[in-house]
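What follows is one structure encoded as structure tokens, with my remarks underneath.
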Amino acid sequence: MKTKDIRAMAANEIESKLSELKDKLFKQKFQKTLGQAENPYKIRQTKRDIAKYMTILKEMRSHNGNETEKRKG
């Protein structure tokens, strides 16, 4: 998914997708350990997707925090 599409999502949607990706990564690692992994590149791609979602979520939270501080001050 492109970052533009992720940024259009709500924070709770991103969190749910993030938990799905973490579960997917766990399953992929388990399959790799058992020797059933079809394509080990998918593990790398899943890790990158998790990092992308986490980064955007952190930016959203940081940005929302800065707006509330500006309103108070």
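The values are calculated or read from the model by the stated rules, or taken from the named source; none is laboratory data. Worth saying up front: this structure is predicted, and the values here are computed from it rather than measured. Every residue, glycine among them, receives a Cβ derived from its backbone with ideal geometry; neighbour counts consider all protein chains shown.
Name the one entry in Glu59, Glu38 that is surrounded by fewer than 12 Cβ atoms within 10 Å (Cβ to Cβ) and at pLDDT 90 or above. Outline the logic, then answer.
Working: Glu38 fails: at pLDDT 90 or above.
Residue meeting the stated conditions: Glu59.
Only residues that are of a type in the set (A, V, I, L, M, F, W, C), in a helix (DSSP H, G or I) and either within 30 Å of Asn64 (Cα to Cα) or modelled with pLDDT of 95 or more (or both): list them for segment 7-35, please.
Within segment 7-35, Ala11, Ile14, Leu18, Leu21, Leu25, Phe26 meet the criteria.
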- Here are some conditions: (1) within 20 Å of the chain's Cα centre (by Cα); (2) modelled with pLDDT under 95; (3) not hydrophobic (A, V, I, L, M, F, W, C). Gly73 meets all but one. Which one does it not meet? (1)
- Query: Which pairs have Cβ atoms under 9 Å, sit 6 or more apart or on different chains, and link a residue in segment 40-61 that is closer than 19 Å to Phe30 by Cβ to one that is outside any helix (DSSP H, G or I)?
  - Reply: Ile43/Ala37; Asp49/Met1
